[in-house]
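Have a look at the structure below, then the notes.
The values are calculated or read from the model by the stated rules, or taken from the named source; none is laboratory data. For clarity, every value in this text was computed on a predicted model and none was experimentally measured. Every residue, glycine among them, receives a Cβ derived from its backbone with ideal geometry; neighbour counts consider all protein chains shown. Heavy atoms of the whole protein, side chains included, go into the accessibility calculation; ligands, DNA and RNA do not. Shrake-Rupley method; radii C 1.70, N 1.55, O 1.52, S 1.80 Å.
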Amino acid sequence: MGTRETSGDDGIVLNFDCDSHKHKDKHKDREHRHKEHKKDKEKDREKSKHSNSEHKDSEKKHKEKEKTKHKDGSSEKHKDKHKDRDKEKRKEEKIRASGDAKIKKEKENGFSSPPLIKDEPEDDGYFAPPREDIKPLKRPRDEDDADYKPKKIKTEDTKKEKKRKLEEEEDGKLKKPKNKDKDKDKKVPEPDNKKKKLKKEEEQKWKWWEEERYPEGIKWKFLEHKGPVFAPPYEPLPENVKFYYDGKVMKLSPKAEEVATFFAKMLDHEYTTKEIFRKNFFKDWRKEMINEEKNIITNLSKCDFTQMSQYFKAQTEARKQMSKEEKLKIKEENEKLLKEYGFCIMDNHRERIANFKIEPPGLFRGRGNHPKMGMLKRRIMPEDIIINCSKDAKVPSPPPGHKWKEVRHDNKVTWLVSWTENIQGSIKYIMLNPSSRIKSSELGYSVSVFTPPSLSNPPLALGLLQGEKDWQKYETARRLKKCVDKIRNQYREDWKSKEMKVRQRAVALYFIDKLALRAGNEKEEGETADTVGCCSLRVEHINLHPELDGQEYVVEFDFLGKDSIRYYNKVPVEKRVFKNLQLFMENKQPEDDLFDRLNTGILNKHLQDLMEGLTAKVFRTYNASITLQQQLKELTAPDENIPAKILSYNRANRAVAILCNHQRAPPKTFEKSMMNLQSKIDAKKEQLADARRDLKSAKADAKVLKDAKTKKVVESKKKAVQRLEEQLMKLEVQATDREENKQIALGTSKLNYLDPRITVAWCKKWGVPIEKIYNKTQREKFAWAIDMADEDYEF
DNA sequence: ACTGGCACTTAGCAACAAAGGG
DNA sequence: CCCTTTGTTGCTAAGTGCCAGT
């Protein structure tokens with residue numbers, strides 16, 4: 001580093017030493033990766049040969065999650081494998097669209113067979129009255145939530161509930177206090193319960209809010225659930241479905257057969273042709289074989305799974321052809337399952353669980369060029385499962401003949417069930433559904449969802465566990481808004497720092513701020529696809545152009561980010577940034593870290609000093625939300641009609657999605673549906689022309705006749721024309737919207753980055769019904785915002 | 001300081017369900 | 001009413017960031 005340091009800086013020299021270690025190590029580690037890299041590059045190069053032009057044209061390519069590199073034309077040494085892979089890749093692109101769906105379908109989607117878990121009877125039992133020794137600590141509420149009335153009802157009441165309610169009434173709902181006292185809680189007598197369910201619901205809801213807010217990392221006081229639903233057991237293939245090895249029929253042992261079916265189900269998928277996939281699969285498959293099989297089956301290419309594959313296709317087909325009754329039956333069964341296992345009781349409130357079904361076994365398919373693709377994702381057994389619930393809750397029973405790995409009572413976490421997954425060794429969790437609030441109760445009478453609460457007061461009382469967190473996230477982003485100027489000035493200053501580390505930090509932060517890049521934690525090599533974020537950018541990921549297309553100091557980014565989605569962008573930057581980048585890149589290999597003295601820990605620590613709660617990802621939230629707000633301001637034309645306004649909204653949303661690089665593969669049927677729409681438009685135009693003609697002649701008649709009747713006709717024709725015009729315009733808007741949205745995914749930003757209050761305010765301001773922007777799930781998730789934001793809300 | 005583990009958020013795509021057109 | 005098209009939900013991988021232990 002010394003060499004690339006600015007001259008004469010001691011600090012730098014010092015740094016250099018340590019750095020060089022780091023550097024070296026990294027370098028070493030990366031060596032072989034680099035090789036892989038090159039291969040990829042080569043592949044990609046070839047692939048993208050025809051149009052190596054930028055962005056637009058190549059977008060399709062990006063889609064496929066493969067790495068596409070432009071630079072580096074050097075490595076030509078790779079052989080056959082590459083070629084194959086290359087081919088595969090191309091194929092994959094295409095096939096992805098066509099083959100995929102089919103195959104997937106056959107996958108067990110769940111529940112043909114009854115869950116292993118045994119259930120317990122009573123519903124009533126669900127609600128375990130809180131023990132006295134457990135007292136809810138409430139967090140202070142600042143507002144009055146009384147307005148919010150849920151509709152659900154259920155279960156018996158508890159004294160606490162009642163009491164709380166009473167208390168509330170007395171106090172006039174405002175209490176903010178952390179815990180008022182639990183003593184108080186005890187006093188109220190309980191009224192009858194069954195009858196007034198409605199009331200009860202309310203109470204419950206209210207109480208729930210209260211109890212949800214605990215201090216100091218406590219997530220709940222009471223938690224009870226039924227445990228997970230396991231994947232249905234493997235059903236052996238019928239005798240007539242044969243597997244062939246080297247042309248000869250072979251009967252597989254059950255385990256080996258099961259794993260073979262996983263592969264067979266994916267046969268149409270391109271990745272079953274990928275070297276890595278096949279290698280990983282075969283290795284894991286062999287582990288499941290009995291010795292005899294191992295001895296015989298030594299070459300995957302000699303395996304013939306086609307009968308299996310056809311069998312599954314037929315099954316899928318059959319499922320599609322099922323009669324209505326059969327389908328209905330299945331549906332009912334699923335609903336029953338949901339009712340039974342899909343909810344838990346958390347602090348007296350019945351909550352929807354997000355993923356109560358354990359992930360079924362299968363072959364792992366990571367995203368992008370994942371080194372572990374094709375590995376066997378093993379079946380999860382009760383013995384792998386850790387159950388989390390409160391001590392006073394009824395512990396779910398494991399399936400007969402089994403036991404849980406562990407039952408714990410950790411109220412500092414939100415998960416109900418966890419297990420360790422075998423591919424990456426990471427922990428998987430069963431948690432609550434983020435959008436879930438009150439859902440219909442098992443009694444069935446509760447009203448569907450959550451009626452938009454009286455818009456009157458309840459300010460933020462509405463946040464539920466997740467909702468509140470969500471809200472907090474946006475509040476943090478708003479705090480950033482207040483000091484972002486200062487921070488920007490500071491990092492600009494830091495570009496001049498004598499310390500390399502500070503400069504790197506400042507430049508990285510600039511990218512994060514300006515381009516909404518992700519932080520870029522380090523990842524273990526060989527464990528995951530090679531993707532990067534800001535701090536983990538490598539020299540090979542950027543190209544510097546002192547001048548490009550008439551602009552000065554352009555940085556060209558090209559790397560794979562989260563989910564192996566390509567980030568490609570050419571950005572003019574300030575001269576100082578540019579010079580710094582040149583400095584950072586001096587004497588480095590392409591595979592070296594661009595910011596070799598920086599990592600997310602260092603960066604976030606610094607951010608924490610600048611503002612409490614500030615981390616790299618807050619910038620994404622902030623920039624996304626502020627962009628939406630600005631764009632809405634800019635794009636909304638007061639006089640436009642609702643569809644046009646919605647288009648404006650979508651455009652603003654799109655601007656954010658582009659900023660955050662939220663892409664999607666163009667829908668498979670995109671071209672077709674576009675054409676359909678166009679023909680609709682044409683038809684509409686014709687209709688309109690006809691109607692206009694009619695109108696004209698009617699007018700002519702009216703001029704002559706002047707009687708009331710003809711006048712009326714004119715009026716009605718006029719209306720018809722108007723109606724058609726509106727319809728046409730709506731269609732045209734739709735076409736524009738769709739076209740512009742071809743490969744942009746709006747959902748992610750809407751759900752995760754945009755302060756919903758901005759949207760709510762905008763809707764209120766322009767009279768756009770909120771349902772036009774948020775669907776039901778979204779409205780549930782953002783209920784707090786819908787409730788609290790008025791049209792003047794400013795992010 | 002560094003690392004790995006853990007908890008929780010963010011992500012895109014496929015399956016499924018509902019809506020719309022003939 | 002059937003079939004296609006579009007919107008919604010489910011699924012689970014892949015990130016972020018904090019924390020404890022060294």
If you scan the stretch A:612-631, which residues turn out to be modelled with pLDDT of 95 or more and over 24 Å from the mean Cα position of the chain (by Cα)? A:Q630
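This table checks each residue for (1) open to solvent by less than 60 Å² (accessible area, probe 1.4 Å); (2) more than 15 Å from A:A657 (Cα to Cα); (3) within 16 Å of DNA strand B (Cβ to nearest atom); (4) at pLDDT below 85.
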| residue | (1), (2), (3), (4) |
| --- | --- |
| A:S697 | no, yes, no, no |
| A:A700 | yes, yes, no, no |
| A:K711 | no, yes, no, yes |
| A:E715 | no, yes, no, no |
| A:K718 | no, yes, no, no |
| A:E726 | no, yes, yes, yes |
| A:Q734 | no, yes, yes, yes |
| A:R738 | no, no, yes, no |
| A:Q743 | yes, no, yes, no |
Where residues in the stretch A:538-570 are more than 11 Å from DNA strand C (Cβ to nearest atom), of a type outside the set (G, A, S) and outside any strand (DSSP E or B), which of them is surrounded by the fewest Cβ atoms within 10 Å (Cβ to Cβ)? A:D549
Filter the stretch A:415-427 for residues that are crowded, with 17+ Cβ neighbours inside 10 Å, within 10 Å of DNA strand B (Cβ to nearest atom) and in a strand (DSSP E or B) and give the result. A:S418
Residues located in the stretch A:597-625, provided they are surrounded by fewer than 22 Cβ atoms within 10 Å (Cβ to Cβ) and out of contact with any helix residue (DSSP H, G or I) (no Cβ under 7 Å at 6 or more places or on another chain): A:N599, A:G601, A:K605, A:Q608, A:D609, A:E612, A:K617
Out of A:K394, A:K412, sole residue that is assigned to a loop (DSSP other than H, G, I, E, B), within 16 Å of DNA strand C (Cβ to nearest atom) and either at pLDDT 95 or above or open to solvent by 20 Å² or more (accessible area, probe 1.4 Å) (or both): A:K412
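Conditions tested, residue by residue: (1) more than 16 Å from A:G362 (Cβ to Cβ); (2) open to solvent by 10 Å² or more (accessible area, probe 1.4 Å); (3) at pLDDT 95 or above.
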| site | (1), (2), (3) |
| --- | --- |
| A:V249 | yes, yes, yes |
| A:V259 | no, no, yes |
| A:F263 | no, no, yes |
| A:T272 | no, no, no |
| A:N280 | no, yes, yes |
Going by the structure shown, is A:H402 more than 16 Å from DNA strand C (Cβ to nearest atom), open to solvent by 30 Å² or more (accessible area, probe 1.4 Å), in contact with a strand residue (DSSP E or B) (Cβ under 8 Å, 6 or more places away or on another chain) and not hydroxyl-bearing (S, T, Y)? no
So, of the residues in the stretch A:320-349 that are away from DNA strand B (no atom under 13 Å from the Cβ) and basic (K, R), which turns out to be most open to solvent (accessible area, probe 1.4 Å)? A:K336
Test for A:P228: is it under 24 Å from A:N422 (Cα atoms) and open to solvent by 20 Å² or more (accessible area, probe 1.4 Å): no
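Hey, among the residues in the stretch A:707-759 that are among the acidic types (D, E) and within 15 Å of DNA strand C (Cβ to nearest atom), which one's farthest from A:K696 (Cα to Cα)? Give the derivation first.
Filtering the stretch A:707-759 down to residues among the acidic types (D, E) leaves A:707, A:715, A:725-726, A:732, A:737, A:739-740, A:755.
So of that shortlist, the ones also within 15 Å of DNA strand C (Cβ to nearest atom) come out as A:732, A:737, A:739-740.
Details: A:E732: 25, A:D737: 33, A:E739: 35, A:E740: 37 Å.
Across the stretch A:707-759, the extreme among qualifying residues is A:E740.
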A:Q630: passes all of (1) outside any loop (DSSP other than H, G, I, E, B); (2) in contact (Cβ under 8 Å) with a residue 24 or more places away in the chain but (2)
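Considering A:L677, A:L688, A:L724, A:L695, which residue is in contact (Cβ under 8 Å) with a residue 60 or more places away in the chain, in contact with a helix residue (DSSP H, G or I) (Cβ under 9 Å, 6 or more places away or on another chain) and not aromatic (F, W, Y)?
On the way: A:L688 fails: in contact (Cβ under 8 Å) with a residue 60 or more places away in the chain; A:L724 fails: in contact (Cβ under 8 Å) with a residue 60 or more places away in the chain; A:L695 fails: in contact (Cβ under 8 Å) with a residue 60 or more places away in the chain.
The conditions single out A:L677.
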Of (1) more than 21 Å from the chain's Cα centre (by Cα); (2) open to solvent by 20 Å² or more (accessible area, probe 1.4 Å); (3) within 12 Å of DNA strand B (Cβ to nearest atom), A:I658 satisfies every one except (1)
